[in-house]
Every structure is written in C-alpha cells, then in structure tokens.
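One structure is given below, encoded as structure tokens.
The values are calculated or read from the model by the stated rules, or taken from the named source; none is laboratory data. Remember, predicted model here, so these are calculated numbers, not experimental data. We place every Cβ from the backbone using ideal geometry, glycine too, and count neighbours over all the protein chains shown.
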C-alpha cells in the first residue's frame, strides 16, 4: 500500500513537472526573449524618463485646444496628437517598467524647453480668445521640436531596441504633426 502511494505520488510529480516543463517551453518559444533592465543604457533610461512628462504635461494643453481653439484645423491637430500621445505613453510606461525606472517624475517643477510646466499651462488657460491660438501654436511648436530632437538623440546613442524603435516612431510622428501645425499656424520667420 505504501509503495502504491509512493508510486502514485511519483507519477503525479512527474506529470506535474512534465506539464510545467512543456508549458514553460511553450511560453518561451511563443514569446520574445526577456528584456532585462541591463539592456537599457543611460540614454535609453534618460529618454524614457523625460519623454513621459513631455507627453503627459502636453495633454492638458491639447485638451484646452480641443475645446477653446477657434480653428477647426487646430482642434483636429490637437485631437490627433492627443490620441497619438496616449498610445505613446502606454509604450513609454511599459519601457520604464522594463528598465526598472522609478515611477515618480524626476522632472517635476523643471523649466525646460518643450516641457509644459504649470505656469505655461496657466497662461494658456487664462489667454483671451484672440490670443489663445497663437500661444497654443507656440507652445506646441516648441514641444514638437524638442521631442523630435530627443528622439533623434535616442536613436543615435540608445541601445535598447524597443526604445529605439519607439524613438523612430516619435520622430516621424513629430514631423507629421509639425507639418500639420505649419499649415494651421505657419512658423514665425526669425
């Protein structure tokens, strides 16, 4: 009887370990190789950490443009860019988790070109109707230029493949939206 129980336990253990091995092998075969935090270099990490607030802090300005702009083309551009940034942010946050970056914003309170800070957003909220569109265009243009420049830097000095692919997408998206902005509000000549 004891031998039967031992043999039964051995068979169950073998079956469980075989099932686990097959499941693990199937998962390993079906998915891409694991991305480790060590796959990210300093540029990759810095780019993700900066792009998240660059995108997140632009979203309220885009929402204002969607509701306040007098230009249907500007409202359309703001809507398209808002939707693109939402998708982009999902990937940026995924990459940040893979790189084991802290979840807090190390750029909170910073004054940087293209980063829509609280003061910039407040001035946009308080802008008179006739001043809103030019101010929004100026804020958006600086953000698009800066994020495009950051994306180029990531592609030049980054290491992690998913991050570099996203940077290429960001650069192309920014070029497209800059062209749309140029049609809505031509760039002022220096």
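Before we move on, is residue 150 closer than 18 Å to residue 178 by Cα, crowded, with 18+ Cβ neighbours inside 10 Å and assigned by TED's automatic domain parsing to the domain that holds residue 85? Explain how you work it out, then say what you get.
On the way: closer than 18 Å to residue 178 by Cα: yes; crowded, with 18+ Cβ neighbours inside 10 Å: yes; assigned by TED's automatic domain parsing to the domain that holds residue 85: yes.
Taking the combined requirement at face value, the residue satisfies it.
Among the residues of region 90-126, the ones that are closer than 24 Å to residue 68 by Cα and in a helix (DSSP H, G or I) come to 9 in all.
Here is a yes/no grid of residues against (1) assigned by TED's automatic domain parsing to the domain that holds residue 47; (2) surrounded by fewer than 20 Cβ atoms within 10 Å (Cβ to Cβ); (3) at pLDDT 95 or above:
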{"site": "91", "(1), (2), (3)": "yes, yes, yes"}
{"site": "104", "(1), (2), (3)": "yes, yes, no"}
{"site": "114", "(1), (2), (3)": "yes, no, no"}
{"site": "125", "(1), (2), (3)": "yes, yes, yes"}
{"site": "145", "(1), (2), (3)": "yes, yes, yes"}
{"site": "154", "(1), (2), (3)": "yes, no, yes"}
{"site": "164", "(1), (2), (3)": "yes, yes, yes"}
{"site": "167", "(1), (2), (3)": "yes, no, yes"}
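Take residue 147 and tell me if it is within 18 Å of the chain's Cα centre (by Cα) and either in contact (Cβ under 8 Å) with a residue 12 or more places away in the chain or under 30 Å from residue 38 (Cα atoms) (or both).
On the way: within 18 Å of the chain's Cα centre (by Cα): yes; either in contact (Cβ under 8 Å) with a residue 12 or more places away in the chain or under 30 Å from residue 38 (Cα atoms) (or both): yes.
Yes.
A count restricted to region 54-87 and to residues that are farther than 14 Å from residue 142 by Cα and not in a helix (DSSP H, G or I) stands at 3.
Summed over region 169-190, the residues that are surrounded by fewer than 17 Cβ atoms within 10 Å (Cβ to Cβ) and outside any helix (DSSP H, G or I) give a count of 5.
No other residue among 37, 33 is loosely packed, with under 10 Cβ neighbours inside 10 Å and at pLDDT 50 or above apart from 33.
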